[in-house]
Every structure is written in C-alpha cells, then in structure tokens.
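*Asks:* Can you keep this structure in mind? I'll have questions shortly.
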Amino acid sequence: MKRLPWCDADQLGSATLPLQALMDHLLRDGRRQEDPDVREAFTLLETTIREILNAQIDERKRVLDTLGGIISLALRDISLEEKLQKALEGLLAIPSVHGLDQGAIFLVDEPGRMLRLVAHCNLPDDQADLCQGVPFGVCLCGRAMEHEGRFFFKSTVDADHERHIDSMHPHGHTLFHVRDLQTGRPLLLVNLYVQHQCREDPRTHFLIDAMAMALSVLHTLHTSQAALRGYAFQDPVTGIANRRIFQDRLEQAKRKALRNREAFMVVALGIDRFRHINEFRGRQVGDQVLKLLAQRFREAMRVSDTVARADGDEFIFLIFIQNDREIMPPMQRIRNLVEEPLPLEGGELKINVSIGISLFPNDQDQLLEKAQFALKSAKAIGPGEFQIFSRTTHEKTLFLIRLEQDLRKAIANRELKPYYQPKIALSSMRIIGFEALVRWPDPTQSTGMKAFPDQFIPLAEETGLIIPLGEQMLIQACRDLKQWLDAGYADLHVAVNLAARQIALPTLLEIIRTTLEQTGLPPRHLELEITESQVMLDPVKAREVLQEIRAMGVQLALDDFGTGYSSLATLQNFPFDRLKIDRSFVMNLSSQPATLDMIHAIIQIARSMRLKVTAEGVENPEQQETLRDGDCDDVQGWLYSKALPAEEIPALLARFNLPMQDD
C-alpha cells in the first residue's frame with residue numbers, strides 16, 4: 001500500500017485516517033498518479049494532512065507549555081490554593097479541554113472522607129458555597145471519589161446541580177483524581193465541565209493523564225518546599241524557631257525598639273553538663289530534655305517575645321522589657337521553668353542552666369554574640385550562674401577562648417603534669433598514699449603555672465579534653481608510683497580522679513587494664529576517685545562500670561561526700577572502699593559546731609558500710625586532732641604539704657616515712 005514518505009498513520013492520529021483511506025481508494029481504482037486529477041487530489045490530500053499535523057503540533061506545544069507552567073508554579077512563593085487556582089486557569093485555557101471556562105479543584109481529606117474546595121473558575125457563588133465541604137459518596141464529586149477508574153464522566157448534571165446552574169445542562173463533567181506519584185494516595189479531585197464529544201476522545205484521555213501528572217508534581221514540590229522552609233526556619237529536634245529566624249526577628253526588634261524607644265534583652269541559656277546527659281543516658285534522652293524545655297519555654301513566652309534553639313544545649317530568647325532594671329522578673333520566670341524536674345522515662349531529672357544576657361539599647365550590635373560571650377563567662381564561674389555582657393565579661397570570654405586553644409596544644413604536647421598531695425594516716429602520721437592532682441606548670445609565669453585547675457578543668461570537661469587529659473594523668477601517676485614502690489615504699493597507693501565523661505567511655509576498662517599492664521603497677525596500689533554527683537548522673541550505668549573496675553583489684557573512693565544528692569540506699573549498692581569528706585566540712589569545724597556532729601555522722605555511716613574515711617583540706621593542728629578524736633582514718637591538706645611535682649616526692653617520703661619492704 002503506497003503512502004506518502006513523510007506520512008505515518010501512527011504519527012498523524014485518527015483524524016488523518018479518512019484521508020489515507022481516500023488515497024488508498026484512488027490507487028485501488030487504478031488511476032495513475034500522473035493523471036492531473038489524481039495529482040490534484042494528492043496535492044489537496046497533502047495540504048490537508050500538513051494542516052492537521054501543524055495544528056496537532058501547535059496544540060501539543062501549547063499543552064506542554066501549559067503543563068510546564070503548572071509545574072513551575074511550585075517555585076513561586078504563594079500558597080497551595082493560589083498555585084492550584086492558577087493551574088486550573090491554565091488547564092481551562094487548553095483548546096483540547098473544550099470547556100466553558102468552568103472547573104473546580106478539591107483537596108482530598110482522606111481520613112475525614114471529605115473534599116474541600118480550594119480552587120474554582122466561574123462557579124456562581126451559591127454553587128461554590130455548596131462545594132466547600134463535600135463528603136465522599138455525596139453529590140457528583142463525592143461519588144467520583146468512590147469511582148475506581150482513572151476518569152469519571154457524567155453526561156448530564158445531577159439534580160443538585162440542575163437547581164443551581166441551568167447553563168450546565170448542555171454539558172457534562174470530566175472528573176479525575178490526582179494521586180501521589182509514589183504512594184498512589186489521592187491528593188486532589190479535579191472537575192472540568194466539558195462538551196459531550198470530547199469525553200471519549202483518546203487525546204482527551206492522554207491530556208487528562210498529563211494534567212493529573214502535572215498537578216501531582218506541583219503538589220509534591222509545594223509540600224517538599226514547605227517542609228524545606230520549615231527546616232530552614234525551624235529547629236528539627238524541638239520544633240521551635242532556629243538561629244536563622246531568631247536573627248531575622250532580632251533585626252525587626254531593633255527597628256521596632258528604636259522607633260518606639262523600647263528596650264529588650266537577648267538571653268543565651270545553656271544546660272550545664274548536658275554532654276554528660278548525652279553520654280550517660282544516650283542522645284535520645286538528651287533530645288527529650290531539649291523538647292521538654294522547648295515546650296515549657298514556648299508556652300511561657302509572650303506574643304512579643306521569641307524563643308529559639310541556637311545549637312546543642314543552647315536556647316536563645318528575645319524578651320522586651322521597660323528598662324534594664326526589669327531584667328530579673330523574666331529571668332526568674334525562666335529559672336522557675338528549668339528548676340521544675342523533667343519527667344523522663346525511668347524517673348525525673350533535675351538540671352541547672354547558665355545564662356548570658358545582652359541589653360538593647362545599651363548594646364546595639366552583635367547582641368546575640370554578646371549574650372553568648374556572657375554565657376561562656378557564666379559557665380566559667382560555675383553551674384547555675386548568669387552574667388550580663390560587659391567589657392569585663394567580654395575580656396574574660398576572650399581569655400577562655402585563648403585558654404582552650406592553649407589547652408589543646410598543651411595536652412597534645414603533654415605539658416600538663418600530675419602533682420601529688422600526700423595522704424597521712426592519723427594512727428601513725430605516715431604517708432600512706434598520694435592524690436594525683438593535675439597542674440599546668442609554666443616557669444615563665446610569676447605563679448609558676450600557666451593556669452590554675454579551677455580555670456582549665458571545667459573548660460576541659462565542657463570541651464571533652466578531659467578524656468585525653470585524664471588518660472595522660474592516669475598513665476603518669478601509675479608510672480611514678482611504680483618508681484616509688486621500687487624504691488622500697490611498699491605500702492603506698494595513688495588516687496586518680498575520674499571525670500564523668502571518662503566513666504561514660506566504652507573503652508575505660510581497657511584503658512585502665514592496659515595502663516596497669518604497661519606500667520607494671522599492681523592494681524591494689526591504684527585508687528580511682530569518683531564524685532557523688534558523677535555517680536548520680538546515671539546510677540545504674542555507673543554501678544556496672546565501677547563493679548568491673550573493682551573486679552580488677554583497683555580501689556574505689558567516693559569523693560566530695562555530702563555535697564551531692566545521693567541517698568545512703570543508693571550508695572550501699574556501689575563497691576566503694578573509701579569515703580572522702582569534702583573540705584567544706586573541715587573548714588567549718590571551728591566556726592560551726594554542728595559541722596562536727598555532721599562529720600561524726602558521716603564517719604559512722606562509713607563504718608556501717610565498712611569504708612575507710614579520708615578528710616580533705618586539713619590546714620591546722622586543731623582540725624587534725626578533732627578528726628583524730630572523731631575516728632577518721634586519713635587526712636590530707638596544706639598542714640602536711642601542698643601538691644608537689646614527682647621529682648620532689650622522694651624527699652617528702654624521706655621526711656615522713658622510712659623505706660619499708662613487704663613482709
């Protein structure tokens with residue numbers, strides 16, 4: 001069968017088939033193509049087919065342009081309803097739809113089995129009102145939701161519509177679902193009012209499929225963009241504002257405050273020892289703490305104020321005040337919110353926070369940074385403190401930043417050393433051991449020290465540097481003690497402090513075991529000190545770790561007893577060998593008579609638990625004799641010696657002890 005070389009029925013579509021049949025008929029009649037009448041017929045046929053092809057190409061191009069425009073609406077910063085309205089207007093402008101410029105798009109509420117009208121073109125007001133909420137199965141659109149096919153055609157309007165729109169009688173409906181491309185879940189229902197002859201046209205089916213695809217992509221992109229905008233301005237853990245939106249509101253607040261002569265403060269709040277919560281109880285518990293605090297803060301904030309999460313454990317607030325004398329009321333409200341225990345799985349948790357503040361208009365630039373400077377300064381003072389930004393706090397923060405940098409280098413270069421303070425047995429007044437205390441010597445400084453422990457140890461704990469530093473101190477202390485034992489002082493032990501972050505280390509037991517093996521120190525000569533507050537961070541985990549340490553033969557001491565929140569019932573479950581009375585009790589022996597009763601009570605508690613007792617901070621003979629009379633075992637303090645470097649210990653031992661060999 002002869003066909004024109006550029007003419008393919010599959011390409012031309014059904015509209016060209018009658019013309020192709022005419023050409024076939026002419027050829028079957030035997031009339032030659034050279035015949036003028038035949039050539040004229042073929043020329044007419046060719047012209048007609050070209051016109052049809054050009055019309056189809058133009059139509060397809062317009063359809064593609066329209067569908068592309070619908071998808072590109074996703075990039076515009078307008079609501080989903082506005083995007084769907086513009087998309088509907090574009091669909092009705094396609095000639096293939098052959099509509100009356102009437103149509104509607106419904107948002108599908110599948111759980112509620114309802115349709116909500118979100119876009120329409122040229123519907124009378126009463127008809128639009130009727131379509132605001134359409135239950136599944138009710139009216140034409142509601143019945144379409146229960147139709148299983150891709151399309152749902154209705155050649156005549158139903159009774160409800162007849163009462164409202166007489167002009168719709170000659171026309172019907174084409175309804176189709178717009179589904180999620182991945183899950184198939186219905187997102188939208190589209191109702192277009194079309195002429196009868198268009199409904200069964202395959203091209204119309206193809207067009208409807210394309211329209212449904214374009215609307216699905218539009219809906220998906222809009223939802224994704226909305227989620228991304230949420231992530232851009234919302235903290236993903238707590239759901240409150242993030243630093244980015246806080247900065248924007250801070251700029252708005254500055255303009256408003258200048259215009260109205262108002263004042264406000266920026267507050268930076270950090271959770272004390274939050275890393276310990278993450279390390280002891282896991283990040284899930286840490287996130288739960290953040291969520292609970294964020295919920296309390298958000299519910300307590302006024303409309304004019306803002307709370308956001310900066311990062312980590314830090315929350316930031318923007319609070320309007322009348323003047324700088326009104327700082328304390330909002331501060332107290334925040335503290336009250338924090339002081340209430342947090343309900344967590346397995347029990348309640350009490351936390352402390354440190355706070356830094358900057359004030360507008362006292363400071364008019366870098367308000368957030370200044371509040372954070374003040375927060376860092378507050379944390380350096382101790383848990384639960386707050387600082388208002390000033391030149392002094394700024395200089396203190398810069399000092400801490402430089403100190404952290406220097407500390408990192410010093411640990412890497414092993415510049416920090418253990419200094420040893422002797423423990424004296426009150427029964428014999430001999431040295432029975434030492435506590436290894438970390439020092440940062442620097443001969444170039446007038447004090448002989450680069451920085452003091454109360455400056456760099458909190459910083460090391462906060463930054464995590466305490467882990468490598470603690471391991472260095474453990475190794476060096478064991479190595480030094482082994483030398484003294486080899487010199488003949490056989491009854492000595494060395495006590496090394498364990499930080500909370502070290503207890504949480506999965507490798508702690510291996511570090512202790514390896515250190516003892518490499519230094520050759522018998523385990524019974526090593527004592528590890530843990531504070532009461534460290535134990536109570538996670539009593540269950542701490543007990544497991546300490547029991548394994550004790551099983552190695554290493555001694556355990558409970559440090560700073562009486563300063564924490566532990567109960568005797570809890571402490572009885574731990575394998576301690578020694579209890580250390582905090583220096584604050586010893587200092588008050590002479591000035592507060594009740595303190596003596598407390599010390600006697602602590603010693604009796606220790607005796608009932610079969611623990612030895614060491615008192616810290618003994619500075620005069622009166623304190624020594626009082627503790628001796630109270631049946632205390634050992635003491636340490638400046639009365640006997642300050643902490644000394646390792647090279648000075650042999651002379652100290654020679655003064656207190658004679659070399660003694662094991663029996």
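The values are calculated or read from the model by the stated rules, or taken from the named source; none is laboratory data. Only a predicted model underlies this, so the values are computations on that prediction, with no experimental measurement involved. All Cβ positions, even for glycine, are placed from backbone atoms using ideal geometry, and neighbour counts span all protein chains on display. The protein model used for the area step is the full one, side chains on, heavy atoms only, and it has no ligands, DNA or RNA in it. Shrake-Rupley method; radii C 1.70, N 1.55, O 1.52, S 1.80 Å.
*Asks:* Would it be correct to say that Pro621 is open to solvent by 20 Å² or more (accessible area, probe 1.4 Å) and either modelled with pLDDT of 90 or more or under 48 Å from the mean Cα position of the chain (by Cα) (or both)?
*Replies:* Against the criterion (open to solvent by 20 Å² or more (accessible area, probe 1.4 Å) and either modelled with pLDDT of 90 or more or under 48 Å from the mean Cα position of the chain (by Cα) (or both)), Pro621 qualifies.
*Asks:* I want to confirm something. Restricting to the range 370-407 and keeping residues that are among the acidic types (Asp, Glu) and touching a strand residue (DSSP E or B) at 6+ places or on another chain (Cβ under 8 Å), which single residue is most open to solvent (accessible area, probe 1.4 Å)? Lay out the reasoning, then the answer.
*Replies:* In the first step, residues of the range 370-407 are kept if they are among the acidic types (Asp, Glu); the result is 385, 395, 404, 406.
Of the ones still in play, those that are also touching a strand residue (DSSP E or B) at 6+ places or on another chain (Cβ under 8 Å) are 385, 406.
Values: Glu385: 72, Asp406: 55 Å².
Going through the qualifying residues, I end up with Glu385.
*Asks:* Let me ask something else about it. Mind checking which residues of the range 548-570 are modelled with pLDDT of 90 or more and part of a helix (DSSP H, G or I)?
*Replies:* Glu548, Ile549, Arg550, Ala551
*Asks:* Right, here's the next one. Taking the residues in the range 450-483 that are over 39 Å from the mean Cα position of the chain (by Cα) and open to solvent by 30 Å² or more (accessible area, probe 1.4 Å) as candidates, determine which candidate is farthest from Asn497 (Cα to Cα).
*Replies:* Gln483
*Asks:* Right, here's the next one. If I filter the range 550-560 for residues that are surrounded by 17 or more Cβ atoms within 10 Å (Cβ to Cβ) and more than 21 Å from Asp582 (Cα to Cα), do I get at least one hit?
*Replies:* yes
*Asks:* Suppose we filter the range 521-530 for residues that are open to solvent by less than 40 Å² (accessible area, probe 1.4 Å) and either touching a helix residue (DSSP H, G or I) at 6+ places or on another chain (Cβ under 8 Å) or assigned to a helix (DSSP H, G or I) (or both); how many remain? Walk me through it before giving the result.
*Replies:* Looking only at the range 521-530, we keep the residues that are open to solvent by less than 40 Å² (accessible area, probe 1.4 Å), and these are 521, 525-530.
Now drop any that are not either touching a helix residue (DSSP H, G or I) at 6+ places or on another chain (Cβ under 8 Å) or assigned to a helix (DSSP H, G or I) (or both), which leaves 521, 525-526, 528, 530.
Within the range 521-530, residues that are open to solvent by less than 40 Å² (accessible area, probe 1.4 Å) and either touching a helix residue (DSSP H, G or I) at 6+ places or on another chain (Cβ under 8 Å) or assigned to a helix (DSSP H, G or I) (or both) number 5.
*Asks:* Of (1) at pLDDT 95 or above; (2) polar (S, T, N, Q); (3) over 23 Å from Leu400 (Cα atoms), Thr507 satisfies all except one. Which?
*Replies:* That leaves (1) as the condition not met.
*Asks:* Just one of the numbered conditions (1) open to solvent by 60 Å² or more (accessible area, probe 1.4 Å); (2) assigned to a loop (DSSP other than H, G, I, E, B); (3) of a type outside the set (A, V, I, L, M, F, W, C) is not true of Glu299; which one?
*Replies:* For Glu299, the failing item is (2).
Every residue, every condition in (1) under 21 Å from Leu250 (Cα atoms); (2) open to solvent by 60 Å² or more (accessible area, probe 1.4 Å), yes or no:
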{"site": "Asp311", "(1), (2)": "yes, yes"}
{"site": "Glu314", "(1), (2)": "yes, no"}
{"site": "Val338", "(1), (2)": "no, no"}
{"site": "Leu349", "(1), (2)": "no, no"}
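*Asks:* Taking into account only those residues within the range 431-449 that are out of contact with any Phe, Trp or Tyr (no Cβ under 9 Å at 6 or more places or on another chain) and free of Cβ contacts under 8 Å to residues at least 40 places away in the same chain, which is surrounded by the most Cβ atoms within 10 Å (Cβ to Cβ)?
*Replies:* Of everything passing the filter in the range 431-449, Asp442 is surrounded by the most Cβ atoms within 10 Å (Cβ to Cβ).
*Asks:* Right, next: Does at least one position in the range 331-346 carry a residue that is free of Cβ contacts under 8 Å to residues at least 12 places away in the same chain, in contact with a Lys or Arg (Cβ under 7 Å, 6 or more places away or on another chain) and farther than 15 Å from Val267 by Cβ?
*Replies:* There is at least one residue in the range 331-346 that is free of Cβ contacts under 8 Å to residues at least 12 places away in the same chain, in contact with a Lys or Arg (Cβ under 7 Å, 6 or more places away or on another chain) and farther than 15 Å from Val267 by Cβ.
*Asks:* In the range 316-336, what residues are buried (at least 16 other Cβ atoms within 10 Å of the Cβ) and among the hydrophobic types (A, V, I, L, M, F, W, C)? Working first, answer last.
*Replies:* Of the residues in the range 316-336, the ones buried (at least 16 other Cβ atoms within 10 Å of the Cβ) are 316-321, 327, 330-331, 334-335.
Of everything in the range 316-336, those that are buried (at least 16 other Cβ atoms within 10 Å of the Cβ) and among the hydrophobic types (A, V, I, L, M, F, W, C) turn out to be Ile316, Phe317, Leu318, Ile319, Phe320, Ile321, Ile327, Met331, Ile334.
*Asks:* Over 14 Å from the mean Cα position of the chain (by Cα), over 19 Å from Pro383 (Cβ atoms) and either open to solvent by less than 20 Å² (accessible area, probe 1.4 Å) or among the hydrophobic types (A, V, I, L, M, F, W, C) (or both): is that true of Val307 in this structure? Spell out the reasoning first.
*Replies:* On the way: over 14 Å from the mean Cα position of the chain (by Cα): yes; over 19 Å from Pro383 (Cβ atoms): yes; either open to solvent by less than 20 Å² (accessible area, probe 1.4 Å) or among the hydrophobic types (A, V, I, L, M, F, W, C) (or both): yes.
Yes; evaluated as a whole, the condition is true for this residue.
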